[in-house]
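Take a look at this one; I'll ask things after.
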Amino acid sequence: MTRQKACLLWMGLCAFSVAHAQSPQQIIQQVVTAQHDADENDHSQWLYLEKIRKPKEQVLQRVASTQQGEIQLVLERNGEKLSVSQQSDLIRDFLHDPRAQKKQVSEINHDIKQLDDLLQLLPHGFVWTQTGATATTTSLHFEPNPHFHPPTREARVFSSMEGDAIIDNQQHRIRSMSGHLMHEVRFGGGILGKLKEGGSFSLQQEQVGPSLWQLTAFDVHLEGDALLFKSISLLQDDERSDFRPEPSTITLDQAATEVMSQTETAQF
């Protein structure tokens, strides 16, 4: 046996033994803890390419994140390229509109809190089973926990889903996750809102730096009228790529200057 084959065999045995040393519930709890700690300690800022698809709108844009919000350079809208002057006008309007900046930050913080709250539900709101393992990943399946009592409307929707997740064994992060509503969810007998059976979501994360992960795809296909996130539509596909690190102290003005140097139209 060659040294390379022996090494691969050893890695596989280690991954197998680690996966089986923990129950699926313990694995997902470790993931939740690692994800929460990473989010608390991650102050990195990024410039990236984003493509958003909604039923009535498609946007291709460069996004520069800062501690004060995001600068969004719209490259294309509904298949039409924006001129440099149009791009500049949109960014200038945003930089001179404190209310728009405050609203954006409020929505971002709301969605971050919402996602963290839903993340905390994973070990308790679902019954987890292991469906596979490799040297680098563990595959898990989740179903609603019949003994769980969701504390919020969002938790009620999320905990009504069934699906699968792939976990990174080394860094205990979710590489991908997808799920679908097993039944219709009504609020106030349907008066306050409802979501139809079969609605789905999926997400993917990738490592973009040492111990740094970013969301690279997030798809939501829910039919109904119960809003879960402030900045995410019930029907939306979001792809992100070409991540480039920025200084953690970058300001909105500096981000605007940086993003305007990336005016070329890029393709996924």
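Would you mind calculating the gained length between Ala217 and Thr134 on full extension (0.36 nm times residue separation, minus the Cα-Cα distance), in nm to one decimal?
27.6 nm
Quickly work out the Ser261-to-Lys102 label distance, labels modelled 7 Å from Cα along the C-beta direction, and quote it in nm with one decimal.
About 3.3 nm, to one decimal.
For every other residue with a beta carbon closer than 11 angstrom to the beta carbon of Leu119, add +1 if it is Lys or Arg and -1 if Asp or Glu, then tell me the sum.
Net of charged neighbours comes to -2.
Beyond 25 Å, how much of the Cα-Cα pair distribution for region 3-260 remains, as a whole percent?
Cα-Cα pairs in region 3-260 separated by more than 25 Å: 52 percent.
How much length is gained if the chain between Ser200 and Gln120 is pulled fully straight, taking 0.36 nm per residue apart and subtracting their Cα-Cα distance, in nm to one decimal?
26.8 nm is the gain from fully extending Ser200 to Gln120.
Grab the Cα-Cα distance for Asp242 and Glu143, subtract it from 0.36 nm times how many residues apart they are, and report the gain in nm with one decimal.
In short, 32.2 nm is gained.
Next up: Can you give the net charge of the other residues whose Cβ lies under 14 Å from the Cβ of Asp237, counting K and R as +1 and D and E as -1?
In short, 0.
Read-outs: derived from the displayed coordinates by stated rules, not from any lab. Note that the structure is predicted; figures quoted are calculated from it, not measured. With ideal geometry, Cβ positions are generated from the backbone for all residues, glycine too; neighbour counts draw on all protein chains shown.
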